[in-house]
Amino acid sequence: MASVTSLAATVNQRVADALSAALPEAGAADPLLRRSDRADFQANGLLALAKKLKGNPRELAGQVAAALGADDVLHTVEVSGPGFLNLTVADGAIIRTLAARAADDRLGVPRAAATGTTVIDYAQPNVAKEMHVGHLRSAVIGDALRNLLDFTGEKTIGRHHIGDWGTQFGMLIQYLIENPDQLAPAADTDGEQAMSNLNRVYKASRAVFDADEEFKERARKRVVALQSGDRQTLDLWQRFVDESKIYFYSVFEKLDMEIRDEEIVGESAYNDMMAETARLLEESGVAVRSEGALVVFFDDIKGKDDKPVPLIVQKADGGFGYAASDLSAIRNRVVDLDATTLLYVVDVRQSLHFRMVFETARRAGWLNDQVTAHNMGYGTVLGADGKPFKTRAGETVRLEDLLDEAVQRAAEVVREKAQDLTEDEILERAAQVGIGAVKYADLSTSPSRDYKFDLDQMVSLNGDTSVYLQYAYARIQSILRKAGDTGPAAHPELALAPAERALGLHLDAFGATVAEAAAEYAPHKLAAYLYQLASLYTTFYDQCPVLKADTPAQVENRLFLCDLTARTLHKGMALLGIRTPERL
Ligand code: ARG
């Protein structure tokens, strides 16, 4: 179904038409309609236009106002200030537009005009290592961006660029060769066991590595065997990857996130491309030999003493590292996956790496005007003290511990409020509330900013939290259940109370908000919208009795507003990856 035009867009078009009727020389000028406190909308575009046409802005606004006139959409049109137009819409127009919206399963969200294929690199933990708080943001932001892009019609392909390659595997594999039953594959291993097995092997191998020079040498040789594709070495490497995946999946499940196996394509997957990537860069002169290594220099990237900092494509000993795998991944994504956009959701502390990698790829012609790359470098999760989040003992926080604690806190909140919930239901809701709280806190700040991880605040019922939104949703569902046989129905003939208008006009903006959040990679804009929606609903609920409204038509119309609010909350939260339980 084609998406439904919003009332804001209709009004904007009306003003634009009036503008070109009154002033043919203005061409197709945008009236720049915005929501306003003084009226429903304000058109600000006439000021700039008057300047361009060297006219008087108030006079110009007057001409446009006269050409507009009032009708069944526009209630009043007024010139204000230096040359703004203040516009009030008719109550009936609000409800009519929303009624069309309610019949549209996209809830008014337009499909993007130009779509392509975005390869999104997110949720990238490292093999044989525990996931920590630093891995939270990439997963949560990446998942939300992907949902947003998918919904606006972009084709998305996920890539979990896991750290599954590198010198540390020499040590791990060599240890396993010398201690064969240490990572015995068990069919029923769960995530926790898998990680504790890996931790044990990691610690034990590290200890031997640090203490025994001969083992160190054997481990070094093992790296060479791995990189040259020795069968036995690769089989053992695969055991580490498989065991790690059991663990990753358990954490992603806790995060209520779906990860597809075919999209877990780690650094190792590009191993066969590395030599060719280096050759292409060297032959084209993009990379040069320097002290035996193959490197790329940049005019504007300098380190201490003003010395240029190069990107190392190949080390002097012939080995390839992180840069070579990312450059090879770009070739793969552009050539084989036909990507038009490469999106990376990676810690801002890696932004220099990506600047260099992207610039290298541009020089090589792999990126250009048709194929662009962006790093959504996200900020750091901070503790209450404003420093990077650590445990009391100063260690990095395990992601699982943090999620478990959030769910536990949420259980307390749910239990306190629960009226007709069974114990099983309380536990199920606790997971939805707790994980939702963690995701929402992350997504409601602009990705580039740091934020404090404060569980008390995150599960608070008042304020900008997911549980506040979830309660608003559940409350609406409870009203709809109580309404029994009386269903929601739009009644454009009714006059609206101020709280109904405010809610209705905000509902009207859902489509534009989702489109903007997707186009700008800004999930926090959707979060802010939803919070405002829940707040406006709370005001409406306080001021406008629903089931005890004056007339049956008014009951139906208010149920209609309730229902559309609930559907909008549900859809918006789902785009952020957050559940909305029917009862809380
Ligand atoms: N595994 C890396 C880490 O934990 C992140 C990978 C980011 N993606 C990429 N294409 N480099 O730091």
message: Can you find, within region 1-33, the residue that is surrounded by the fewest Cβ atoms within 10 Å (Cβ to Cβ) among those that are part of a loop (DSSP other than H, G, I, E, B) and not small (G, A, S)?
response: M1
field: Qualifying residue in region 510-521 (condition: among the β-branched types (V, I, T) and not in a loop (DSSP other than H, G, I, E, B))
entry: yes
message: One residue is enough: does region 378-397 have a residue meeting the conditions surrounded by fewer than 17 Cβ atoms within 10 Å (Cβ to Cβ), assigned to a strand (DSSP E or B) and within 16 Å of the ligand (Cβ to nearest atom)?
response: yes
- prompt: Would a scan of region 315-324 turn up a residue that is outside any helix (DSSP H, G or I), of a type outside the set (K, R) and within 30 Å of the chain's Cα centre (by Cα)?
  reply: yes
- prompt: Looking at this structure, is P125 surrounded by fewer than 17 Cβ atoms within 10 Å (Cβ to Cβ) and out of contact with any Gly (no Cβ under 7 Å at 6 or more places or on another chain)?
  reply: no
- request: State which residue pairs qualify: first residue in a helix (DSSP H, G or I) and inside region 351-364, second residue more than 12 Å from the ligand (Cβ to nearest atom) and not aliphatic (A, V, I, L, M) in any location, beta carbons under 6 Å apart, and separation of 6 or more residues or different chains.
  value: none
- prompt: Given the conditions (1) part of a helix (DSSP H, G or I); (2) free of Cβ contacts under 8 Å to residues at least 60 places away in the same chain, which single one is not true for D485?
  reply: (1)
task: Report yes if some residue within region 368-376 is under 30 Å from G394 (Cα atoms), in contact with a helix residue (DSSP H, G or I) (Cβ under 7 Å, 6 or more places away or on another chain) and within 14 Å of the ligand (Cβ to nearest atom); otherwise report no.
output: yes
message: For region 96-137: of the residues being in contact (Cβ under 8 Å) with a residue 60 or more places away in the chain, under 20 Å from T372 (Cα atoms) and of a type in the set (S, T, Y), which is nearest to the ligand (Cβ to nearest atom)?
response: Y122
- prompt: Hey, any hits in region 398-412 for a residue that's within 16 Å of the ligand (Cβ to nearest atom), crowded, with 16+ Cβ neighbours inside 10 Å and of a type in the set (A, V, I, L, M, F, W, C)?
  reply: yes
- request: Please name all residue pairs, on different chains or six or more residues apart, with Cβ atoms under 6 Å, provided the first residue is in region 320-346 and is more than 11 Å from Y270 (Cα to Cα) and the second residue is surrounded by 24 or more Cβ atoms within 10 Å (Cβ to Cβ) and among the aromatic types (F, W, Y).
  value: V345/Y122
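Residue by residue through region 446-483, note down the ones that are of a type in the set (S, T, N, Q) and either under 30 Å from E556 (Cβ atoms) or crowded, with 17+ Cβ neighbours inside 10 Å (or both).
Passing the criteria: T465, S466, Q470, Q477, S478.
Residue by residue, here is whether (1) within 30 Å of I177 (Cβ to Cβ); (2) of a type in the set (D, E); (3) within 32 Å of the chain's Cα centre (by Cα); (4) surrounded by 11 or more Cβ atoms within 10 Å (Cβ to Cβ) holds:
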position: F240; (1), (2), (3), (4): yes, no, yes, yes
position: D261; (1), (2), (3), (4): yes, yes, yes, no
position: S268; (1), (2), (3), (4): yes, no, yes, yes
position: G285; (1), (2), (3), (4): no, no, no, no
position: V288; (1), (2), (3), (4): no, no, no, yes
position: F298; (1), (2), (3), (4): no, no, yes, yes
position: D306; (1), (2), (3), (4): no, yes, no, no
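Each row is one residue, and each column tells you yes or no for (1) at pLDDT 95 or above; (2) of a type in the set (V, I, T); (3) closer than 23 Å to V346 by Cα.
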| site | (1), (2), (3) |
| --- | --- |
| E262 | yes, no, yes |
| I301 | no, yes, yes |
| D306 | no, no, no |
| S328 | yes, no, yes |
- request: Search region 90-122 for residues being at pLDDT 95 or above and acidic (D, E), and hand back the single one that is surrounded by the fewest Cβ atoms within 10 Å (Cβ to Cβ).
  value: D91
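The values are calculated or read from the model by the stated rules, or taken from the named source; none is laboratory data. Here the structure is a predicted model, which is why all the values come from computation and not from measurement. Methodologically, a virtual Cβ is constructed for each residue, glycine included, from the backbone with ideal geometry; neighbour enumeration extends over all protein chains shown.
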